Each structure stands twice: as structure tokens, then as C-alpha cells.
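In what follows, a single structure is set out as C-alpha cells and then discussed.
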Amino acid sequence: MKLFYILVKKEIRELLTLQMLIPFLIMVAVFMVLGNVSRSEIEKSQQPQKLIIIDNDKSSESTKLVELLKVGAFIVSMDESHSIDDALQRAREQEARMVIIIPDNFNENLSQLKPATVETYSLMNSFSFGSSSQYALLASSMEGINQTISNELISQQIPSASVTELKNPIIPVDHVVIGDKKATITPSEILGYVTSQANFIPIIMFMVIVMSSQMIASAIAAEKENKTLETLLSTPVSRTMIVSSKMLGAGLVALLLAGAYMFGLQSYIDGISGGALSMASSDRLQSAISQLGLSLTSTDFLLIGGSLFGAILCALAISIILGSFAEDVKAVQGVTTPLMVFVLFSYFSSMFIDVYSAAPVLRYALLAIPFTHPFQAIPNIFLGRSDLVLFGVLYEIIVFTVFVIIAAKIFSSDKIFTLKIKMPKRN
Amino acid sequence: MSSNFAVQVNDLHKSYGGIVAVNSISFSIKPNEIFALIGPNGAGKSTTLRMIATLLSPTSGSIDVFGHDGIKESQEVRRVISYLPEEAGAYKNMSGRDYLHFMGSLFTQDTNQLKEFISMGEEISGLGDRLKDKIKTYSKGMTRKVLLARTVMTKPKLAILDEPTSGLDVINALEIRRTIKSLVKNGMTVLLSSHNMLEIEYLSDRVGIISQGTIHAIGTPQELKQQYNAANLEEVFAAITSTTK
Ligand SMILES: Nc1ncnc2c1ncn2[C@@H]1O[C@H](COP(=O)(O)OP(=O)(O)O)[C@@H](O)[C@H]1O
Ligand SMILES: [Mg+2]
């Protein structure tokens, strides 16, 4: 046991080298910086915006409109020049993004129940993500003001009526049905929730599987490249112990790196979505989710985790074999490519196809890839098909066993030294 | 099998795909002896040593190491041998001492014995304080000394050393030869290979002259020189290869 620990420790130490970590840390750092930059851009855009208003009407109604805009997130300044070009010039000087013109017939039109025009000039100086929300803010403020004024007009004209009922004579009530469970909620809310939840987990799964594979193949290739493999295999340590310590070491490093990667990605996504994903969902949504069985119980997590673990084991066992073909670390990318293709195939199919209702050839082909199962685990559990997840885990164990036996054969024969992909002869 | 021999190799063959690397090699090594396989590059020396070190499986033939079958009991063989590969390297991110520690702990679980191994390794390496530095900062000679030190520090019954001095300068080679000489005084048996016939004459008790996968003559350097009426082993080798051609 102590020997195993020593071997695993050595694997981790050899894998966590700077060359290996630097590209990775740069990627995580770039994600975090991007996330922070867009977060501060969004915060900037959410600060009160400067707005210049030309009021050509100067009536009680136009003053009310100005007041309502002030209540919204705007710093309003009035322009008395009555010339749009002068106002735009001022806007440029004061870094205001918008100029609004209220026409001189504003009050008159409203009192005659005719639509009144309000013109907006948006000064665009950037097409960034953050700036779009500034323009959207004005549009939604105008929409709100429109409603307020409309409500006032209706209650003036028909004092007896209830404005909201008049404006929304039909109240849609949406129900979502999954299996035999029902809940009162809109399908788009459910889809929004499930995709926001279920998008993250497959990315983690993908990362962990890919990294485990790269790590273990590198661990083998590095021993060959540094000419340490012969020495290691001539010691009294059993080959099983050497192979399994390499698998555990590579698996742990892959988990660590995938965790760091997720941390970077999370802060990036939080940044661009303004933290929307981590915001608590409404009570209504929460209760609908639990009514529909869309929240994961601890048994579900165990199943998903088991499925992912099985896939990692398969990736490790297959990659240890692929790594045996690599003469040096540079060759690792090349020898692991076939595995990457399968993992990508499983990953993409989980996003675009319903595996279980696909044409039989495609379905069995996909299900034969052990990596398909973790990607299908969450949808399967949400749809009440836990037994399929369990079968997936069993299948993964079979695949793993087969490949581990092959790997053990390679390592306990001299194949480990003589296997190599044909390459131009050195010497 | 008789226990009078440390190693007994009988009619050993090895081919890689179509290439025959070792073609019917037989020899034996007595305990506490330095036995050398000498021959030019590509003669089959490394292939033979790797088979004895249990890394390659022979195409046919038998190997016996201290009474253990080299093919069926490879795990037992690995317990009594220690192997220094021809182009060995060490883990670059470890210091010399880390490396001795790591490799030592693969041979014993006993802390005291491990300490003994390491201090012996430190002494044999002769690197002193430089052992604290990362191996990637070592010269070729220093790395080779650390590797040799780790090979013999575990006191194997049989040390298999593939070209222990190849590529080293005169001083380093001399130091390594001295170390090897001193090992047998402590009861070790050494099997080594070299393409440098002159250094072998000084180092070995008995030599096997190998070329094209076959051993052509075995004996003490003295016997061989007399037999072929030669001044040194190089001349012996020249005489043998001219008669076999
Ligand atoms: N892994 C291998 N694959 C194919 N041929 C090999 C391999 N290793 C050695 N050989 C061939 O076997 C022969 C003997 O090689 P080797 O035992 O390394 O010789 P030596 O150590 O005496 O220089 C050479 O012809 C060499 O090219
Ligand atoms: Mg050689």
C-alpha cells in the first residue's frame, strides 16, 4: 500500500510539470480575465445613462414623460437649442449615448387618443456586448412608460374598467408533462433551466475524459522518452501496480486540471451573463422542477458519477495502450487522436441527437462507445430511465476490463518495448 | 538447476519481426564474477542483457538466474537483479537524492534498509552536495554515476550493466570501472557489456566475444590472448571475425 502511494505520488509529480501546466494555466487565466472584463463592461453599462432630451412640447404630458425617464436609470439633461445637430454635438461632448426628441404635438395627440411620436437618436461608438444592453435599457424603459401612459388613458376613458383585465383578456396557463409527472410552468422556463444545468456537466465530463487520456498517454510516453521505463520495469514492483498507479495518478491530475478549467470557464460565463446562472431561480420554477423530478437526488448523482468514473477508467485503459505506441511525449497527441474522435462523437451526439430514438445502426454504434453513457446519464435520469444509466455503467465496466487485460498483456510482455508506430528510422 | 552458477543461458534466440538479433547464445557466469559480453554495435549484447533482465522474452532458449527461471519466474528474478540500461535516463524533475530515494523504495519497504540503500547510493555516486540538485542540471557523467549508484545500492545478487562507461570521458569511465571492481569484493556478481575491448580486459574476469548475435569465444582475457596468440582483446576479436567470415 505504501509502495502504491509512492508510485502514485511520483506519477503526479512527473505529470504536474511546468511545461504541462503553463498552457493550461494560461487558458484558465484568459478565461478569468475575459470574464472579469465583460463583467466590468456590463456593470458600466448598468450605471445610469446620460440622456439628452429636446422637449418641443413643454406640456404637462411631456414633462411627465421626462419625469418617468428620470425615475428609470437615466441622468436626464434638457436641451434648449431645439436643434438636433446641436443636441448631438452636446451629446458627443458629454459622452451621452442618446438624444430624445419630444415633438410639439405630443400632448395634443395624446389627448385626442392618437399615437404620439418620440424620436430617439442612439450614438453608436461600439458594437460590444455591453453596449447592446444600454440600448435595450432605453427600449424597455420606453415600453414601460408606454404602458403607464396607456393605463392612465384607459382609466380616464373608461373609469369603470379594470385596466389589466381589459388589456389581457386571456390568461394562458402552461403545464409541462414529463413521463407521468405534471407541473404548471412554461416549457421554455424548463428548457432554460435544464440546459443551463446540463450544459456544464457535459463540458466537465468531456474535459475529464480527454485530460485523463492525455495524461496517462503522456505518463507512458515520458517514461519512454526519458529512458526510465526499462529501469522501472526491471524493478521487483509488479506490473499491475505500475499500471494501476499510473492510472490513478493520471486520473487525479486530470480531475484537478478539469476542476481548474471549470473554475475558469465558470468565471467567464458568470462574467458574460452577469452572474445570471448562479442566481437563485424563482420559487415557482423550483417547485415545478421538483414536481417534474428534474432535481437530482443523491442516488442520481451516484449514478452519474459512476457513469463518468466508468468512462474515465475506459479512457485510461485505452490510452495506456495508445500511449505504448508513442515513442515520446510529442507523439501523444497523434496516438490519442482515435480516442478523441470517439469522445467528441459521443459528446456532440448528446447535444444534437436523441440517441435512443436514432436509427438502429447509429444507436448501437453510439451506445457501443463507452463515452456515450455519461453524456446520456442526465437526460436519462430526468426522463426516468435510470435503468439505462445502470446498464451503461455495467457496459463501461466490461469495456474497461477488456482493455485493462490488453494493457496488462502489453505491459507484462515485451510488447511495451517493441510496439511502435512505423516512423522514419533514426540512428 | 545447479546452484554453482549465478547465471546460465542456454541456446538463446531472439528475433524482432524478421531481424535475428540473438542467434543461439549460451554462457554461464559464476557467482562473484565479472563477466563481460564484448562485441561491436548491433552484435546483440543489449538484446541478451534485456532478456536476462526479464524485459524481453526470448524467442527460444532458457535463462536461469540464481536458480530462478528467467521466463516463468521473472518476478523472482527481478528481486535478485538490478539492471542499468544502455541509454538509461532518470526522472528529470527529481533531484539525485529524490531519485535514489524513489528507486530504493521500490526495492524495500523497510525504512532502515531504505536509509542504508540511499547512503550507499550517495557514497557510490560520489556527487556529494550536487545530489540536492535536479537531475536535469547534471552532466552526462554525473547522471551515469547516479544511475550506476542506484543500480548497485540495493545490493542485488546480480548487477546487469549495459555499456556502463559508453560515452563518458576518461576520468568518469575510470571512476565507474573502479566502482564496479569494488562491488564484487562485496559479493556481487556483475554481467556487463561493452564495445570497448581494452577496458574490458582490465575490468572482467571472463569475457564472451559476440558478433552478429553469436558468441564466438569465451574465456579469461589471458586464455583468449594465448589461444589466438594476440597482444590484446582487440586483436583476439580481429582474429575471430576473420576466421568466421
Ligand atoms: N526494438 C528493436 N526492434 C527491431 N530491431 C531491434 C530492436 N532492438 C535491437 N534491434 C536489432 O537487433 C540487433 C542487435 O541489437 P542490440 O542487441 O541492441 O546490439 P548491441 O547492444 O550489441 O549494439 C541489431 O541489428 C538491432 O538493429
Ligand atoms: Mg547495445
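Miscellaneous remarks
- Residue in segment A:36-52 that is over 29 Å from A:Ala260 (Cβ atoms), buried (at least 18 other Cβ atoms within 10 Å of the Cβ) and over 38 Å from the mean Cα position of the chain (by Cα) present: yes
- If you go through segment A:156-177 and keep only what is modelled with pLDDT under 85 and in contact with a helix residue (DSSP H, G or I) (Cβ under 7 Å, 6 or more places away or on another chain), you end up with A:Ala161, A:Val163, A:Leu166.
- Selection count where residues are more than 10 Å from chain A (Cβ to nearest Cβ), of a type outside the set (Asp, Glu) and in a loop (DSSP other than H, G, I, E, B), scope segment B:87-114: 0
- Only one of the numbered conditions (1) within 14 Å of chain B (Cβ to nearest Cβ); (2) closer than 29 Å to A:Ser290 by Cα is not met by A:Leu265, and that is (1).
- Summed over segment B:11-24, residues that are under 27 Å from B:Met188 (Cβ atoms) and within 14 Å of ligand 2 (Cβ to nearest atom) total 2.
- Set A:Ala87, A:Ala73, A:Ala91: member being of a type in the set (A, V, I, L, M, F, W, C) and surrounded by fewer than 18 Cβ atoms within 10 Å (Cβ to Cβ): A:Ala73
- Scanning segment B:6-51 for residues that are within 19 Å of B:Val184 (Cα to Cα) and touching a Gly at 6+ places or on another chain (Cβ under 9 Å) turns up B:Val7, B:Pro31, B:Asn32, B:Phe35, B:Ala36, B:Leu37.
- Filtered residues of segment B:134-153 (kept if out of contact with any Ser or Thr (no Cβ under 6 Å at 6 or more places or on another chain) and not in a helix (DSSP H, G or I)): B:Tyr138, B:Ser139
- Among the conditions (1) within 16 Å of ligand 2 (Cβ to nearest atom); (2) closer than 21 Å to A:Tyr5 by Cβ; (3) of a type in the set (A, V, I, L, M), the only one that B:Leu84 does not satisfy is (2).
- Output for segment B:1-39, where each listed residue is away from chain A (no Cβ under 14 Å), of a type in the set (Val, Ile, Thr) and touching a helix residue (DSSP H, G or I) at 6+ places or on another chain (Cβ under 8 Å): B:Val7, B:Val9, B:Ile25, B:Ile34, B:Ile38
- Residue match in segment A:351-361 (condition: buried (at least 19 other Cβ atoms within 10 Å of the Cβ) and among the polar types (S, T, N, Q)): no
- Filtered residue count, segment B:154-177, keeping only those that are touching a helix residue (DSSP H, G or I) at 6+ places or on another chain (Cβ under 7 Å), away from ligand 2 (no atom under 16 Å from the Cβ) and not in a helix (DSSP H, G or I): 6
- The listed residues are B:Ser125, B:Ser82, B:Ser57, and the only one of them that is over 22 Å from B:Arg144 (Cα atoms), touching a helix residue (DSSP H, G or I) at 6+ places or on another chain (Cβ under 9 Å) and of a type in the set (Ser, Thr, Tyr) turns out to be B:Ser57.
- Those helices (runs of 4 or more DSSP H) lying entirely in segment A:334-427 with at least 2 residues without any contact (Cβ under 8 Å) to a residue 12 or more places away in the chain: A:360-368, A:386-412
- Taken over segment B:69-86, the criterion of being more than 7 Å from chain A (Cβ to nearest Cβ), surrounded by 20 or more Cβ atoms within 10 Å (Cβ to Cβ) and in a loop (DSSP other than H, G, I, E, B) is satisfied by B:Gly70 alone.
- In segment B:25-68, the residues that are away from ligand 2 (no atom under 14 Å from the Cβ), part of a loop (DSSP other than H, G, I, E, B) and small (Gly, Ala, Ser): B:Ser57, B:Gly67
- Some residue of segment A:399-410 being of a type outside the set (S, T, N, Q) and within 16 Å of ligand 1 (Cβ to nearest atom): yes
- Single residue of segment A:216-247 satisfying the filter (more than 11 Å from chain B (Cβ to nearest Cβ) and not hydroxyl-bearing (Ser, Thr, Tyr)) that is surrounded by the most Cβ atoms within 10 Å (Cβ to Cβ): A:Ile216
- Hits in segment B:195-233 (condition: part of a helix (DSSP H, G or I) and under 20 Å from the mean Cα position of the chain (by Cα)): B:Met197, B:Leu198, B:Glu199, B:Ile200, B:Glu201, B:Tyr202, B:Leu203, B:Pro221, B:Leu233
- Residues located in segment A:45-59, provided they are in a loop (DSSP other than H, G, I, E, B) and either modelled with pLDDT under 85 or of a type in the set (A, V, I, L, M) (or both): A:Gln47, A:Pro48
- A:Gly293 vs. criteria assigned to a helix (DSSP H, G or I) and in contact with a Lys or Arg (Cβ under 6 Å, 6 or more places away or on another chain): no
- For segment B:188-202, the criterion of being farther than 25 Å from B:Ser28 by Cα, away from ligand 1 (no atom under 16 Å from the Cβ) and among the aliphatic types (A, V, I, L, M) is satisfied by no residue at all.
- Residue in segment B:115-135 that is farthest from the other protein chains (Cβ to nearest Cβ), counting only those that are basic (Lys, Arg) and surrounded by 13 or more Cβ atoms within 10 Å (Cβ to Cβ): B:Arg130
- Residue in segment A:6-28 that is away from chain B (no Cβ under 14 Å), of a type in the set (D, E, K, R) and either surrounded by 19 or more Cβ atoms within 10 Å (Cβ to Cβ) or in contact with a strand residue (DSSP E or B) (Cβ under 9 Å, 6 or more places away or on another chain) (or both) present: no
The values are calculated or read from the model by the stated rules, or taken from the named source; none is laboratory data. Note that the structure is predicted; figures quoted are calculated from it, not measured. Every residue, glycine as well, gets a Cβ built from its backbone with ideal geometry; the counts of neighbours run over all protein chains shown.
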